[in-house]
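Below is one structure, written out as structure tokens; the observations come after it.
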Amino acid sequence: RGMCLVLKPPGWEVDTEGDSGILHLSGFLQVALQPSQRAVAFRPDFSFGFVHRLDTPSSGLILTGTSFEGYACLEMQMYTYE
């Protein structure tokens, strides 16, 4: 719970900070997720829920936290390799 998997299309940015003027995956999640699932999606101080990135030209799967608990769990797994 508190996590989701998103297929990032090529040309979209996994935005963790700033505004580059490119299509942002956070904007998609802010619209696509139910209000109860997007607590982190509006928080740049929590990287909009993203714990990793893909280059803008590439496509692939992105894990994101949809709650603070889910985000913390993903962060722990990412940095402890567990």
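Skipping prolines and chain starts, which residues have an amide H placed within reach, meaning under 5 Å, of the one on Gly60, given they are 5 or more residues away or on another chain?
Those qualifying (amide H under 5 Å, at least 5 residues apart or on another chain) are Lys8.
Using only the alpha carbons, work out the radius of gyration and Dmax of the stretch 31-75 in angstrom.
For the stretch 31-75, the Cα-based Rg and Dmax read 10.8, 31 Å.
Tell me what the chain gives for mean residue ellipticity at 222 nm when only DSSP H runs of n ≥ 4 count, each as -39,500 (n - 2.57), the sum divided by the residue total, rounded to 500 deg cm²/dmol. Please report the intermediate quantities before stating the final value.
Details: 2 runs with 21 residues, N = 82.
Rounded to the nearest 500, it is -7500 deg cm²/dmol.
May I ask you to give the solvent-accessible area per residue for the chain, in square angstrom, as obtained with a 1.4 angstrom probe?
Numbers: 5090 Å² over 82 residues.
Dividing the accessible area of the chain by its residue count gives 62 Å².
List the residues, sorted by chain then number, that are 5 or more residues from Arg43 or on another chain and whose placed amide H is less than 5 Å from its amide H.
So Arg43 has HN proximity to Phe48.
The values are calculated or read from the model by the stated rules, or taken from the named source; none is laboratory data. Keep in mind that this is a model prediction, so the values were computed, not measured. Side chains are part of the model used for accessible areas, which takes the heavy atoms of the whole protein and leaves out ligands, DNA and RNA. Shrake-Rupley method; radii C 1.70, N 1.55, O 1.52, S 1.80 Å.
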